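None of the figures in this text is laboratory data; all of them are computed from the coordinates on show. For clarity, every value in this text was computed on a predicted model and none was experimentally measured.
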Amino acid sequence: YNQVYSWVQKYQASGEGALQDRRGRSKHKEELTETDLLTLRIKELEAQNERLEIENAIAKKLQEIEQKYQDFH
């Protein structure tokens, strides 16, 4: 419970970026090769795509619920 509470507080205070794992050494953008930059961009786009797919799934589910509610009344 305490860990989840901590995550929620961080998210509410600072957004999604506050939940990123910052353990270990990460390279500065200047140190990355072109391949590293492209790999990083692919990961960013995959994460964005996953968020959009989740948003779409939620929107579809909401439409189903609203339709069932309208049919009921």
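Summary of values
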{"item": "Helix 34-72 vs. the chain, principal-axis angle (Cα, 0 to 90°, nearest 10)", "result": "10"}
{"item": "Ratio Rg/Rh, restricted to region 31-72 and using Cα atoms, in which Rh is the Kirkwood radius", "result": "1.43"}
{"item": "Among (i) 39, 38, 16; (ii) 61, 34, 17; (iii) 41, 25, 16, the entry derived from the coordinates for Cα extents along the principal axes in Å", "result": "(ii)"}
{"item": "Potential lengthening between residue 38 and residue 54 on full extension [0.36 nm per residue; Cα-Cα distance subtracted]", "result": "3.3 nm"}
{"item": "Set of lysines with alpha-carbon distance to residue 29 below 29 Å, sequence-local pairs under 8 removed", "result": "10, 43"}
